[in-house]
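Heads up: the structure comes next, in structure tokens.
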Amino acid sequence: MSAADVTGRLAQAAGSVSKDRLWRRHLEMSRIGATGRGGLNRLALTPEDGQAQALIAGWAAARGYTTTRDAAGNVFIRREGSRPDAPAVMTGSHLDSQPNGGCFDGTYGVLAGFEVLEALDDAGIATPHPIEVVAWMNEEGSRFVPGAMGSAAFTGFLPLQDVLEKKDAAGVTVREALARIDGSTPLAARAPGPPPAAYVEAHIEQGPILESRGDTIGVVTGIQGIRRFAVEVLGEEGHAGTTPRASRKDALSAAVALISALERLTADAEDQVRFTVGRMAVEPNSPNTIPGKVTFSIDLRHPSKDLLARTGDLIHATVSEVAASRRVDAKVQDISFVAPTTFLPLVPEAVRSAASAEGLPHHVLPSGAGHDAMHLSRICPTGMVFIPCLNGRSHTEVESATPEDLFAGARVLARVIAELALQSC
Ligand code: GLV
Ligand code: MN
Ligand code: MN
């Protein structure tokens with residue numbers, strides 16, 4: 001195919017993206033797990049996650065695409081290529097949400113990918129490479145820790161058996177939750193295939209940069225690194241009215257002191273280190289009993305692997321020191337360490353040139369949030385397309401994005417996917 005032919009097809013692909021269809025699909029998908037306050041509660045492998053998968057599988061069947069699920073619970077919608085043995089060009093994101101999540105985080109990448117398949121069909125464009133739209137299992141990491149677990153298993157970053165044994169707060173394993181979803185939303189099993197030819201993920205930025213600059217498209221260069229820890233503090237339960245302070249071993253007041261010390265440890269002048277304690281459980285959680293046990297999570301992020309290694313390692317020592325001064329026992333468990341990701345230039349360059357071709361103002365930036373793309377980049381050329389979200393807010397029910405920006409991002413995605421999938425194998 002000549003360069004001019006390719007250029008024409010890319011314009012056709014983008015020109016066939018439907019703003020209304022994409023928006024309607026978002027509205028329909030947002031009903032599954034709706035909180036009633038404009039947000040979503042669609043945790044991984046819950047019945048709602050299964051319903052979301054069933055909805056898109058139904059749309060796929062109507063278009064003649066096949067939908068499969070792999071052993072890690074990732075769902076793949078496949079538009080065949082003219083050379084079916086060729087590696088697939090993959091796109092997608094996730095359908096699970098935070099407990100008080102928004103309607104666009106993850107969902108957009110899946111629906112934009114699906115819109116690209118439909119746009120290519122509507123434009124009558126056949127591609128040598130198959131194209132697969134993926135909904136990765138448990139990207140959010142809210143129900144099962146760590147996040148991006150499905151893509152980690154797919155790429156071999158985490159052994160599948162380890163992923164299947166992870167438990168939620170109620171003690172349900174991924175294996176058990178998957179068996180339930182396989183029962184309620186059966187899908188054909190995915191046959192193993194070659195690694196993808198490339199992976200492109202569309203996502204809301206989840207931060208304020210694009211909106212504040214007035215840019216529509218983010219050309220993503222990579223993803224900052226993430227370390228996760230679980231801390232357990234063991235004190236001694238006792239009566240709130242009778243136990244003098246001097247003899248208390250209060251796990252909660254020790255946890256508060258620990259967290260303050262860790263905030264000081266991780267503070268930096270540039271305000272680049274992200275330190276978050278997002279989950280805490282207190283036992284027995286009774287107003288008039290001195291807490292005997294507290295567990296909490298730590299999410300630590302930075303673009304430098306060395307800094308994450310050094311600062312993260314100091315967490316262990318800081319916790320031991322503060323625990324000793326508070327007469328409690330505390331232990332820190334390393335949960336995961338995903339090093340910072342730098343995408344190879346291939347996909348970011350395609351995103352930049354697609355944004356230019358669409359006449360969209362764009363900005364080159366790294367991702368502050370984690371994404372499945374960080375794991376896919378280990379096995380194939382990878383990149384991401386960001387669009388703005390209202391006030392940069394995400395992981396909240398107020399998360400919002402405009403139909404125009406969703407549409408713009410999907411047009412860029414259509415060009416990039418078409419360009420990659422049209423390449424000779
Ligand atoms: C994904 O939602 C993340 O934690 O960045
Ligand atoms: Mn996401
Ligand atoms: Mn998220």
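Compute the Kirkwood hydrodynamic radius of the chain, taking the inverse of the mean of 1/r over all pairs of distinct Cα atoms, and give it in Å to one decimal.
22.5 Å
Where does the charge balance sit around residue 41 when Lys and Arg score +1, Asp and Glu -1, over other residues with C-beta under 12 Å from its C-beta?
That works out to -2.
Per residue, what accessible area does the chain have, given a 1.4 Å probe and all protein chains present, in Å²? Don't skip to the answer; put the middle values down first.
Details: 17380 Å² over 425 residues.
About 41 Å² of surface per residue is accessible.
Show me the ranking of peptides 257-263, 129-135 by mean Cβ neighbours inside 10 Å, starting with the highest.
Averaged packing, sorted descending, gives the order 129-135, 257-263.
Give the Cα extents of segment 322-423 along the principal axes, in whole Å, largest first.
So the three principal-axis extents are 63, 35, 18 Å.
Please list, or write none, the aspartates and glutamates whose alpha carbon is within less than 20 Å of the alpha carbon of residue 293, excluding same-chain residues fewer than 8 places away.
Within the straight-line cut-off, residue 293 pairs with 168, 232, 236, 237, 250, 283, 321, 329, 334.
I'd like the distance between the alpha-carbon centres of segment 97-146 and segment 265-301, rounded to an integer number of Å.
32 Å
Please label the shape of segment 213-308 as rounded, prolate or oblate, based on the square roots a ≥ b ≥ c of the eigenvalues of the alpha-carbon gyration tensor (a/c under 1.5 means rounded; beyond that, a/b larger than b/c means prolate, else oblate).
Here segment 213-308 falls in the prolate category.
With the contact rule set at Cα under 8 Å and sequence spacing of 6 or more, what percent relative contact order holds for segment 39-176?
On the way: 260 pairs, mean separation 37.7, N = 138.
Taking the mean separation of contacting Cα pairs over the length of segment 39-176, I get 27 percent.
Could you grab the relative contact order for the chain? Cα pairs under 8 Å, six or more apart, rounded to a whole percent.
RCO, the chain: 25 percent.
Kindly provide the helix-only [θ] at 222 nm of the chain, computed as the sum of -39,500 (n - 2.57) over DSSP H runs of four or more divided by all residues, to the nearest 500 deg cm²/dmol?
Per the formula, -12000 deg cm²/dmol.
Nearest 0.05, what FRET efficiency do residue 425 and residue 189 give at R0 = 30 Å with Cβ-Cβ as r?
My answer for the efficiency is 0.75.
Of the listed peptides 295-304, 76-85, what is their order by residue-averaged count of other C-beta atoms within 10 Å, with the highest listed first? Before the final figure, lay out each step's value.
Numbers: 295-304: 19.4, 76-85: 17.7.
Result, highest mean Cβ count within 10 Å first: 295-304, 76-85.
Measure out, as a whole number of angstrom, how far apart the alpha-carbon centroids of segment 54-85 and segment 340-362 sit.
26 Å
Per the 1.4 Å probe, what fraction of the accessible area of the chain, in percent, lies on carbon and sulfur atoms?
Values: 9040 of 17380 Å².
Taking all protein chains in place, the chain shows 52 percent carbon and sulfur surface.
Starting from the Cα of residue 261, step 7 Å along the direction of its Cβ; do the same at residue 317; then give the gap between the two resulting points in nm.
Result: 1.2 nm between the two label points.
Test of understanding: express the Cα radius of gyration of segment 63-141 as a ratio to 2.2 N^0.38 Å, with N the residue count.
This ratio for segment 63-141 stands at 1.15.
Along Cα→Cβ, 7 Å out, is where each label goes; now give me the distance between the ones at residue 349 and residue 276 in nm to one decimal.
Label at residue 349, label at residue 276, 3.4 nm between them.
Starting with the highest mean, order 275-283, 377-385 by the number of other Cβ atoms within 10 Å, averaged over the residues of each peptide.
Ranking the peptides 275-283, 377-385 by packing returns 377-385, 275-283.
The values are calculated or read from the model by the stated rules, or taken from the named source; none is laboratory data. Because the structure is a prediction, the values reported are computed rather than measured. Every residue, glycine among them, receives a Cβ derived from its backbone with ideal geometry; neighbour counts consider all protein chains shown. To get the accessible areas, we keep the full protein, side chains included, count just its heavy atoms, and leave off ligands, DNA and RNA. Shrake-Rupley method; radii C 1.70, N 1.55, O 1.52, S 1.80 Å.
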